[in-house]
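Undergrad: So that we are looking at the same thing, I have put the structure below in structure tokens.
Bear in mind that the values in this text are calculations on the coordinates, not laboratory data. Every value quoted in this text rests on a predicted model; they were computed, and no experiment measured them.
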Amino acid sequence: MSSPRARRALDEIPVYRPGKAATSEDHKLSSNENPYAPLPGVMERAAVELGRINRYPDAGMTALYGALSARLGLSPDHFAAGTGSVAVLFALLNAHLEAGDEIVYAWRSFEAYPIAADLTGATTVRVPLRPDATHDLDAMAAAVTDRTRVVIVCTPNNPTGPVVSAADLERFLDAVPDDVLVVVDEAYVEFVRDPAAADGLAALASRGNVVVLRTFSKAYGLAGLRVGYAIARPDVARSIRKATPPFAVTDLSQAAAVASLDAQDALDERVEAIVQERVAMVAALRGQGWQVPDTEANFVWLPLGDDVMDFAAAVDPVSVRPFAGEGVRISIGAPEVNALLVERAAAWRALH
Ligand SMILES: *Cc1c(COP(=O)(O)O)cnc(C)c1O
């Protein structure tokens with residue numbers, strides 16, 4: 001007997017399995033979420049849209065593209081939004097990759113990359129991070145062949161934390177052919193304080209083959225509403241829009257995103273508080289003797305190797321994100337939760 005069969009590209013893609021549920025949401029340092037409530041004005045604007053959910057959303061995302069345009073100084077046709085920047089990445093890779101093509105990205109990096117890439121049927125080339133957990137851009141440039149259509153650069157890199165420098169990105173872009181799309185994933189850009197860090201928008205200003213990905217999920221604290229976007233030359237943005245399901249981003253989400261952009265001062269304050277907590281956590285962990293890579297994001301990475309699962313269990317009730325055999329990613333949460341994590345980490349070290 002035969003039965004319908006999905007594409008073979010799906011055979012290697014794992015079914016999403018949620019991690020261990022946090023004992024309480026307050027102790028959840030496993031998903032790089034923002035610990036703060038929505039920004040001022042966001043709930044009120046979203047509530048207005050809640051009252052008219054019998055209507056389809058604005059498929060043209062006029063207000064959102066207008067607000068992004070005003071903020072970033074690029075015309076609205078430079079943007080392509082979707083239900084989180086992960087969805088935008090899926091659309092982008094669908095628009096630019098097919099079987100026989102190649103995509104290059106660093107590894108370990110963001111877990112959505114293999115899923116989005118494999119679904120297209122293209123061949124993946126993973127380039128290992130350097131020992132200090134940074135991208136090896138020379139090796140990535142060397143991995144580009146005449147079949148390579150897309151390269152992803154994640155800066156700061158999830159889950160390890162370091163940024164790519166502006167000088168390194170520039171050299172990399174010089175080395176990569178103009179017809180290879182370079183996706184600069186800036187999901188954590190608001191938390192970056194290193195003045196030498198790469199700036200995707202600056203790279204985009206001088207290159208047609210750069211796409212920047214940004215999201216409202218992290219610094220803006222709208223992870224549950226699913227809004228992210230690409231910034232690209234209009235022809236690239238158009239191809240992403242074509243590959244995105246219509247009416248994907250609800251009016252509720254669009255309004256919340258626009259209201260968040262209007263609350264810049266409150267956003268800056270919160271982001272700065274999270275950065276201060278990050279600096280304190282890195283200092284505290286290094287003071288305990290941990291090898292912590294530099295981080296410019298809202299998380300820190302502990303390369304624990306074989307001790308990953310043991311450590312993750314030992315910091316209970318705090319939940320962290322273990323990558324078995326590699327390391328543990330710890331998101332920056334509320335100060336008292338961060339303090340509890342640091343205390344648990346010290347206790348674990350004392351026993352090992
Ligand atoms: C969280 C994250 C995203 C964005 O996620 P969405 O919620 O889908 O916008 C994109 N890239 C990286 C590297 C991330 O960590």
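Undergrad: Can you say what percent of the DSSP beta bridges in the chain, counting only those with both residues inside, are antiparallel? Round to 5. Intermediate results must be reported in sequence, preceding the final value.
TA: Details: 16 of 36 bridges.
Once the DSSP bridges in the chain are tallied, antiparallel ones form about 45 percent.
Undergrad: Then there is this: Any idea what the relative contact order of the range 42-261 is, in percent, if you count C-alpha pairs under 8 Å spaced at least 6 apart? Each step should come with its number before you reach the end.
TA: Values: 418 pairs, mean separation 66.4, N = 220.
Here the relative contact order equals 30 percent.
Undergrad: From the alpha carbon gyration tensor of the range 9-141, can you work out the equivalent ellipsoid semi-axes (sqrt of 5 times each eigenvalue) and give them in Å, largest to smallest? Please list the in-between numbers first.
TA: Details: eigenvalues 203, 105, 62 Å².
Equivalent ellipsoid semi-axes, largest first: 32, 23, 18 Å.
Undergrad: Select from the chain the helices, each a whole stretch of DSSP H, whose alpha-carbon atoms run 27 Å or more along the helix axis and whose Kyte-Doolittle mean is at least -1.0; answer none if there are none. Kindly include the intermediate steps, with their values, before the conclusion.
TA: On the way: long enough: 264-287 (34 Å, 0.06).
Helices meeting the criterion: 264-287.
Undergrad: By its C-alpha gyration tensor, with a ≥ b ≥ c as the square roots of the eigenvalues, how is the chain shaped: rounded for a/c under 1.5, else prolate for a/b larger than b/c, else oblate?
TA: Values: a/c = 1.43, a/b = 1.16, b/c = 1.24.
It comes out rounded by the Cα gyration axes.
Undergrad: Nearest 500 deg cm²/dmol is fine: what mean residue ellipticity at 222 nm does the chain get from its DSSP H runs of n ≥ 4 alone, each adding -39,500 (n - 2.57), divided by its residue count? Walk me through the numbers before you get to the answer.
TA: Values: 12 runs with 131 residues, N = 352.
Estimated from H runs of four or more residues: -11000 deg cm²/dmol.
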